[in-house]
1. Let me confirm something: among K337, K350, which residue is basic (K, R), more than 15 Å from H392 (Cα to Cα) and out of contact with any helix residue (DSSP H, G or I) (no Cβ under 7 Å at 6 or more places or on another chain)?
2. Out of K311, K337, K329, report the one residue that is of a type in the set (K, R), closer than 16 Å to V391 by Cβ and not in a loop (DSSP other than H, G, I, E, B).
3. With the checklist (1) over 26 Å from G307 (Cβ atoms); (2) not in a loop (DSSP other than H, G, I, E, B) in hand, flag the one item R208 doesn't pass.
4. Please enumerate the residues belonging to the stretch 202-217 that are surrounded by fewer than 22 Cβ atoms within 10 Å (Cβ to Cβ) and either in contact with a Lys or Arg (Cβ under 7 Å, 6 or more places away or on another chain) or in contact (Cβ under 8 Å) with a residue 24 or more places away in the chain (or both).
5. Of S320, S258, which residue is among the polar types (S, T, N, Q) and under 25 Å from the mean Cα position of the chain (by Cα)?
6. I'm trying to understand the selection: among the residues of the stretch 271-283, which are without any contact (Cβ under 8 Å) to a residue 24 or more places away in the chain and either closer than 19 Å to V237 by Cα or not aromatic (F, W, Y) (or both)?
7. For the stretch 252-306, give me each residue that is assigned to a strand (DSSP E or B) and charged (D, E, K, R).
8. Return yes or no: is M1 at pLDDT below 85, among the aliphatic types (A, V, I, L, M) and under 22 Å from L293 (Cα atoms)?
Amino acid sequence: MNQSRCYRDHGWVLVTIMAVVAVLNPGPAMAADDPNGGAAGDWLSQYASARAVGLGGAFVAVADEASGVLWNPAGIGRLDRNEVQLGTVQLFEGTSINKLSFAVPNRRLPSFGLTLLSLNSGDFEQTNELNERLGEFSNKDFAFLLTGALNLSTRWSLGANLKVARQSIEEFSASGVGADLGVMGELNDTVSLGASVLNLGGPSLTLREVDESYPEEVRAGLAFNLLNGNGLISAEVTHREGPGSQFRGGGEFWIHSSLGLRLGYYAENVAGGFSYRFGGTWQIDYGVSDHTLGVTHRFGLSYRFGGFYAKSQAVPDIFSPTGQNPVTKFLLTTRTKAEAQDWQLEIHNKSDEVVRSFGGQGVPPAHILWDGKDEAGLPLPDGVYRYWLTVHDLEGRELISQQRSVEISTGGPEGSVPVVIE
C-alpha cells in the first residue's frame, strides 16, 4: 500500500472489519504452524508473516511485501520499491521459524525475488523399542524460493517460484524441488483478485525409504481497498487433499499514515497485529494468533528503498515569510515505471483543507519555492502544514510520497530574558 493521506474519525471501519471476520464460516482447518503434524511441508504451507497473520492469513490477493511470494508469486510484480524483510516466530517446544526475503520490482524485465525460511526444533527425546531413553535429537527444515513475476498490464501480473526444500532429522537428510504459480489482478481501483497453485511437482523428500511429497494446494481470494488505501478487507479460501477447504479473512485500517491495525480469523482462531512506519523506509510488523497450545507472537522488520517512488521534502521545514528565511524550498524527486504523465504537490492546513497546490504535466521540477501564501496570494497564519507529492504515469499508476510537515512561524523566539542586579 502506498503512503497516503491521513483520514480521521473512521472508527466504523474497524467495526466493519470485525463484522466481516465474524460471518466467515471456517471449514476443516489444519493446525497453524504445527511442524510435527499433518502432511509433509505443513510448516511451510501454514507459515504466516507478522502482517499476513494479522489479516487472518488471507493474503493471496494482497501479497504486497517481499515474503508475499509464499502466498502468491505474482505479488512482487505489483511492488513499487525494493524491499528487504526479516521475520521470526517462536512456536512451541523450542520451535522457531526465521525468514529473510528480498524483492526487486522492474519496469520492463521481470521482477525478482528471493526468500529463505528455516525451521528449527530441538530437544526431542529419543527412545528404543524398550522405551529406554537414548538421548535427544533435532529436526531442521529449510526452504529456498527463487521468484520471477511479469506484469502483463498495469492491472495484471503472473509469477512463479522455484522452490527447494531440505529436511534433516538425526543423521538423515533429504532435498527436493517444486514450483508455485500465481496470478494477481485488479478489477478496478477497489477490488483485487489473486490465485495460486503451490507445490507443483514437489518438493519430494526421501529421508529413509519412503518418499514424502509436499501436497498441491490451491488458494484463491479477493481484497477490497477502502478509504483511498487506508482500509483493506481480505478473504481467502485454500484447498488441498486431506484437510479439505479452509476459509480465512481479516481487515486492516491505517489510523495514521504511520500506524496500521489488523484483525483476522486464522486457522480457527482469532489473530491480530499492527504495523508502524518510520523514516519513510522502515516498517515494524507485529502479529499475534491464538492456538490450542497457547498464543504465538510474530515479529517482522522491512526496509524499502529505491525502486519506483515519489519524494518531497521542505528545506527548511520551519520558515518565516517576514524573517530571514522568507521561503521554503520543496525538493521533488520521482521514478516511475512508465513515463510520468502529471504531478501535483498539495499543502494542507490542520483542518485538512488544501491551502496551496502546485502541479503540471510530465516529470516534476527538481524544486519549488513557497512563500507561505495561499492560492489567492494572501499570507497564511502561523502553524503546521502537511504536504505530499502525487505522480501519475502514462499507464495509470499512482505514486504518493510520504506525508511530511512544514511550519510557518513569524512570531519570533519566545521566552524570558533574565535580569541580573549587581
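1. K350
2. Of the residues listed, the single one that is of a type in the set (K, R), closer than 16 Å to V391 by Cβ and not in a loop (DSSP other than H, G, I, E, B) is K311.
3. Here R208 clears every test but (2).
4. Passing the criteria: G202, S204, L205, T206, L207, R208, E212, S213, P215, E216, E217.
5. Sole residue among the options that is among the polar types (S, T, N, Q) and under 25 Å from the mean Cα position of the chain (by Cα): S258.
6. G279, Q283
7. Answer for the stretch 252-306, where residues must be assigned to a strand (DSSP E or B) and charged (D, E, K, R): E252, R262, R277, D285, R298, R304.
8. It is false that M1 is at pLDDT below 85, among the aliphatic types (A, V, I, L, M) and under 22 Å from L293 (Cα atoms).
The values are calculated or read from the model by the stated rules, or taken from the named source; none is laboratory data. Just so it is clear, the model here is predicted, and its values are computed rather than measured. All Cβ positions, glycine included, derive from the backbone under ideal geometry; neighbour counts span all protein chains shown.
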